[in-house]
Amino acid sequence: MGDLAETVQQLLWARVADDGIAMKYDGRSWSWREHLGEASAQAAALIGLADPSRPLHVGVLLGNTPDMLTAMAAAGLGGYVLCGINNTRRGPALGRDILRGDCQILITDDLHRPLLDGVDLPGVRVLVVGTPEWSELIERVGELVPHREVTATDTFMLIFTSGTSGDPKAVKMMHAMVMLAGAALVGRYELTGDDVCYLSMPLFHSNAVLAGWSVALNAGAAMAPAHFSASGFLGDIRRYGATYMNYVGKPLAYILASPEKPDDIDNPLRVAFGNEAGDRDIAEFSRRFGCEVWDGFGSTENAVTITREDGCPPGSIGKGFPGVAIYDPDTLTECAVAEFDAHGALVNGDDAIGELVNTQGAGMFAGYYNDQDATDDRMRHGMFWSGDLAYRDADGWIYLAGRTADWMRVDGENMTAAPIERILIRLPAISMAAVYPVPDEFVGDQVMAAIVVQDEATLTPQEFGTFLSEQPDLSPKAWPRYVWIADELPSTATNKVLKRELVAMGTTPAGRTLWTRDGSGYRTVAEE
């Protein structure tokens, strides 16, 4: 049905008379006809309410609910820009995002409305779904006349970056990007209107839009919006009959941390597609739940794309699309091919590790809204600079080394966090690991690790030290000086670890279980 559509608007208009199931939630189902009928009424109401002298940007401060999906469809049908507001932001930071996106209308609900208390939002009309004001607004509208007929390169949505390394920036997500991403995944996995897409990743983020919502739109599949819960995951999959899911960050690890049950494989899930899962989690999730797991790499900006292919070696994230390369930001030249010793350890990190770039330009990156300086910084020298560190072997396989802030200088040697994290996660008792630099008492950095232990598993300082000693590809300088045994790691709404918060916690116990390494091995640090 949507084969010829070039925009979200065209695709949705083609589905307005479709009686197939569009949405499942809390025991109820909506057909595409019903769902888009509600979206059409909302679009007409908001267009009639808007100030025509201002950009028609509508913010959404909502969770993964039918209201969020309706707001997304309304923006598509109505031809205006939706601004996804991160519902984990608070106070002035939350207000900054709403104003940075030039939202003249903000849609929220009773659950999220209190987040706006005390937040100064000049020029923003706040509407709360389900209130008498909202119902009256929707009921009195006539037929939808779209704000504009959009083109493929027009902005469908403003999506903020995760903010792991500074203030979030609003990425302009083109209609074409939404369409192409979903169409590619539908074709790869042969998804149809008989499938059900489980949408538990936050719908204000690019992964959920491109790898979840767009997939359902292109396939005509049903959507099952949900709040991610490791304990509730399998029950949701069975209840909704979900055959496809998307993920970003660490949700597979969270799910796998729960004890396995003999009937876990008894579920309808066929495909899990996402980003940033480790090799162990990919294999275990596939085995335990009987589905295909396909993990790729892509930033919110959609300028650098890397996919795993057959034969992808352990630790690699795959091979890049045309134009993807690894460059030295100082010399503006491509980095050397990675060299490894007999144990698989990288031996020329200083020359091989660089920043992932797109040498062909911006790709599908249309820039940051209202932030030309940040856009210019990404597009230096005619190339897109991702901020991600990586290295590439002689066969073209790419390995992540962390973010640019993950460089560490330990005893005169440069190293990065991601290779150490990949080694730590080999230990079966460890569910998640984050490695980051902390200041050395004399000069440079020391390595610190925060680890989460699997449910029902135990780990002692001595066992940890023994494990490290058995890893032939781990440099002695890469052994963590400090280890925090955490119940959970601070993370963004998209399951990305906030390392700046870990660094800020320092190296003193302060009520935490902390180990330190000295000449005799690892020991627990006592409170002062």
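The values are calculated or read from the model by the stated rules, or taken from the named source; none is laboratory data. Not measured: the values here are computed from a predicted model. Cβ atoms come from the backbone with ideal geometry, glycine included; neighbour counts cover every protein chain shown.
Brief remarks follow.
- Single match in ILE326, ILE353, ILE317, ILE306 (criterion: on the phi < 0 side of the Ramachandran plot, buried (at least 21 other Cβ atoms within 10 Å of the Cβ), of a type outside the set (Lys, Arg) and touching a Cys at 6+ places or on another chain (Cβ under 6 Å)): ILE326
- When GLY182 is tested against (1) crowded, with 23+ Cβ neighbours inside 10 Å; (2) part of a loop (DSSP other than H, G, I, E, B), only condition (2) is not met.
- Selection status of LEU12, surrounded by 24 or more Cβ atoms within 10 Å (Cβ to Cβ), part of a helix (DSSP H, G or I) and in contact with a His (Cβ under 8 Å, 6 or more places away or on another chain): no
- Scanning the stretch 100-115 for residues that are surrounded by fewer than 21 Cβ atoms within 10 Å (Cβ to Cβ) and touching a Phe, Trp or Tyr at 6+ places or on another chain (Cβ under 9 Å) returns ARG100, ASP102.
- Candidate set from the stretch 245-269 (those that are within 14 Å of the chain's Cα centre (by Cα) and hydrophobic (A, V, I, L, M, F, W, C)); member that is surrounded by the most Cβ atoms within 10 Å (Cβ to Cβ): MET245
- Subset of the stretch 479-511 [over 30 Å from TYR247 (Cα atoms) and either of a type in the set (Lys, Arg) or touching a Cys at 6+ places or on another chain (Cβ under 7 Å) (or both)]: ARG481
- Some residue of the stretch 4-18 being acidic (Asp, Glu), farther than 21 Å from GLY84 by Cβ and without any contact (Cβ under 8 Å) to a residue 12 or more places away in the chain: no
- Put simply, of ALA45, ALA22, ALA73, ALA39 the only residue that is in the same structural domain as TRP134 (by TED's automatic domain parsing), within 18 Å of MET223 (Cβ to Cβ), in contact (Cβ under 8 Å) with a residue 60 or more places away in the chain and assigned to a helix (DSSP H, G or I) is ALA73.
- Residue within the stretch 220-239 that is assigned to a helix (DSSP H, G or I), under 20 Å from THR492 (Cα atoms) and in contact with a helix residue (DSSP H, G or I) (Cβ under 6 Å, 6 or more places away or on another chain) present: yes
- The C-beta contact set for the stretch 196-214 (first residue assigned by TED's automatic domain parsing to the domain that holds ALA181 and outside any helix (DSSP H, G or I), second residue among the hydroxyl-bearing types (Ser, Thr, Tyr) and surrounded by fewer than 24 Cβ atoms within 10 Å (Cβ to Cβ), distance under 7 angstrom, 6+ apart or interchain) comprises VAL196/TYR240; VAL196/THR243; TYR198/TYR240.
- Filter result (surrounded by fewer than 19 Cβ atoms within 10 Å (Cβ to Cβ), of a type outside the set (Ser, Thr, Tyr) and in a loop (DSSP other than H, G, I, E, B)) within the stretch 457-478: ALA457, LEU459, GLU470, GLN471, PRO472, ASP473
- Count of the stretch 368-421 residues, restricted to those that are at positive phi and either in the same structural domain as GLY444 (by TED's automatic domain parsing) or of a type in the set (D, E, K, R) (or both), is 2.
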